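Read through the structure below, which is laid out as structure tokens, and then see the notes.
A short reminder: the numbers here are calculations on the coordinates, not readings from a lab. Not measured: the values here are computed from a predicted model. Ideal geometry is used to build each Cβ from the backbone, glycine not excepted, and the neighbour counts take in all protein chains shown.
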Amino acid sequence: DGRLRLLRSRRGPLARSLSLNVVILAGYVALLRGDRSAALGWMKSTLPVVRSAYQAASVAILASRLEETTTARDLVKRVEQAAAGSALATVARARIEGEILLTAGRFAEAVPHLRQWSALASAENPQWCLARALEGSGNTAEATSLYSAATDMRRSIASAPETVYPGFFSQTLLDYARCARAAGIIHDADAAAREYRRRRGNYTTPRKDNHT
């Protein structure tokens with residue numbers, strides 16, 4: 001909270017004095033807490049200073065989850081211009097189109113975009129957004145499998161503190177606990193729920209429509 005207050009007080013000149021990644025994470029924290037106005041402010045503050053294709057792709061995901069569809073797609077165009085012909089451009093387009101549909105609750109339409117993203121993304125990238133699209137479209141068996149893989153304690157992301165990935169892992173733990181319980185995998189469901197309670201810290205329970 002103290003670090004976020006400092007960032008907020010310096011939001012104006014943030015472009016030149018703060019890490020863009022920290023500001024993006026601050027936007028996610030605000031969104032997870034249900035403060036869309038603050039999240040939107042953080043997201044918009046990054047737009048004049050986004051330089052790399054990777055940065056543009058990262059901000060585009062946050063924009064899509066804020067239902068800022070035009071901004072998200074404009075950022076993808078920046079990625080495509082900066083990384084024309086590269087795998088990153090294709091991955092970004094697939095991910096953002098999937099994220100936009102997922103945020104809109106159009107789960108079945110999101111699945112093919114997120115499958116394309118999943119096929120091209122790093123094997124170490126947890127497939128939680130694809131899992132949520134699958135769950136929402138009724139494919140709970142595959143969703144449960146992907147949630148299980150994303151919450152594998154052996155993954156590096158699983159050992160990262162919430163200050164590094166604020167709310168991302170906790171939300172997936174909750175999703176897996178729900179699906180595992182419905183599938184009768186009670187031991188795993190209980191373990192995921194316990195891990196969530198251990199990690200949640202000062203964050204409020206993430207809302208489902210934020211689908212981190």
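Expressed as a rounded percentage, what relative contact order does region 40-129 have, with Cα pairs under 8 Å and six or more residues apart?
Value for region 40-129: 23 percent.
What size of dipole, in debye to the nearest 20, comes out for region 103-154 about its Cα centre when the only charges are +1 on Lys and Arg C-beta atoms and -1 on Asp and Glu C-beta atoms?
60
In debye, nearest 20: dipole of region 30-153 around its Cα centre with unit charges on the Cβ of K, R (+) and D, E (-)?
The dipole of region 30-153 has a size of about 360 debye.
Take each of the peptides 79-89, 62-72, 33-43, average the number of other beta-carbon atoms within 10 Å over its residues, and list them starting from the highest.
Going from most to least packed, we get 62-72, 33-43, 79-89.
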